[in-house]
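Written below as structure tokens is the structure these notes are about.
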Ligand SMILES: CCCCCCCCCCCCCCCC(=O)SCCNC(=O)CCNC(=O)[C@H](O)C(C)(C)COP(=O)(O)OP(=O)(O)OC[C@H]1O[C@@H](n2cnc3c(N)ncnc32)[C@H](O)[C@@H]1OP(=O)(O)O
């Protein structure tokens with residue numbers, strides 16, 4: 001049987017990687033199944049003029065779910081994610097991204113994430129299913 005590949009972190013994640021010059025460089029803080037980040041997205045990430053691309057919003061929601069899951073002590077991969085886009089996100093607007101995750105089966109973590117603007121309006125929300133690949137060994 002083929003050995004499963006180990007998940008590695010090398011700071012080049014498109015969403016959070018500090019070393020990735022083309023990434024979004026989101027800074028998440030996370031613990032106990034919760035994750036949070038604040039940021040502003042600029043014109044480089046738009047689709048229609050002045051409006052942030054939905055794929056970028058999806059990537060941020062997915063990442064928030066992953067951070068919330070990782071904070072439970074496991075490296076996971078996203079098996080499914082459902083996104084609801086409620087309002088357009090304008091270029092240059094400050095956003096708050098938050099997620100919550102809980103383990104509901106031996107290999108399954110369910111996560112929910114939201115992006116809000118500075119007036120607390122929900123811009124987009126997501127529900128994700130994350131599959132546990134390995135336990136994070138404390139060094
Ligand atoms: C130390 C701190 C560091 C902090 C610093 C962090 C740095 C942070 C870098 C972050 C980075 C993030 C990155 C973003 C997250 C990605 O982008 S991950 C990449 C995108 N996702 C993928 O590539 C996943 C690709 N898909 C797969 O690998 C496989 O299809 C899956 C999802 C593992 C499922 O494989 P499978 O063989 O179907 O599942 P299998 O292993 O047989 O089943 C496992 C269990 O899960 C269940 N399951 C599988 N799929 C589903 C589903 N869709 N719904 C419900 N249950 C399911 C199965 O039923 C099974 O359950 P049990 O029977 O055990 O009860």
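Bear in mind that the values in this text are calculations on the coordinates, not laboratory data. Keep in mind that what you see is a predicted model, and the values were worked out from it rather than measured. Please note: Cβ atoms are built from the backbone with ideal geometry, for glycine as well, and neighbour counts cover all protein chains shown.
Might you let me know whether segment 56-64 holds any residue that is under 19 Å from residue 136 (Cα atoms) and out of contact with any helix residue (DSSP H, G or I) (no Cβ under 6 Å at 6 or more places or on another chain)? Outline the logic, then answer.
Step one: of segment 56-64, the residues under 19 Å from residue 136 (Cα atoms) are 63-64.
Restricting the remaining residues to those that are out of contact with any helix residue (DSSP H, G or I) (no Cβ under 6 Å at 6 or more places or on another chain) gives 63-64.
Yes: segment 56-64 contains one or more residues that are under 19 Å from residue 136 (Cα atoms) and out of contact with any helix residue (DSSP H, G or I) (no Cβ under 6 Å at 6 or more places or on another chain).
Name the strands (runs of 3 or more DSSP E) wholly within segment 56-139 that hold at least 1 residues that are near the ligand (Cβ under 9 Å from one of its atoms), in contact (Cβ under 8 Å) with a residue 24 or more places away in the chain and surrounded by 16 or more Cβ atoms within 10 Å (Cβ to Cβ)? Step through it out loud before you land on a result.
Numbers: elements: 74-85, 94-103, 108-117, 122-135.
Qualifying strands (runs of 3 or more DSSP E): 74-85, 122-135.
Kindly provide the set of residues from segment 46-55 that are at negative phi and either surrounded by fewer than 16 Cβ atoms within 10 Å (Cβ to Cβ) or part of a loop (DSSP other than H, G, I, E, B) (or both), ordered by number.
Taking segment 46-55 as the starting set, the residues that turn out to be at negative phi are 46-49, 51-55.
Correct list: 47, 48, 49, 51, 53, 54, 55.
Could you list, in sequence order, the residues of segment 10-39 that are farther than 17 Å from residue 59 by Cβ, outside any loop (DSSP other than H, G, I, E, B) and within 12 Å of the ligand (Cβ to nearest atom)?
Filtering segment 10-39 down to residues farther than 17 Å from residue 59 by Cβ leaves 10, 19, 29, 31-34.
Filter again for outside any loop (DSSP other than H, G, I, E, B), leaving 29, 31, 34.
Result: 29, 31.
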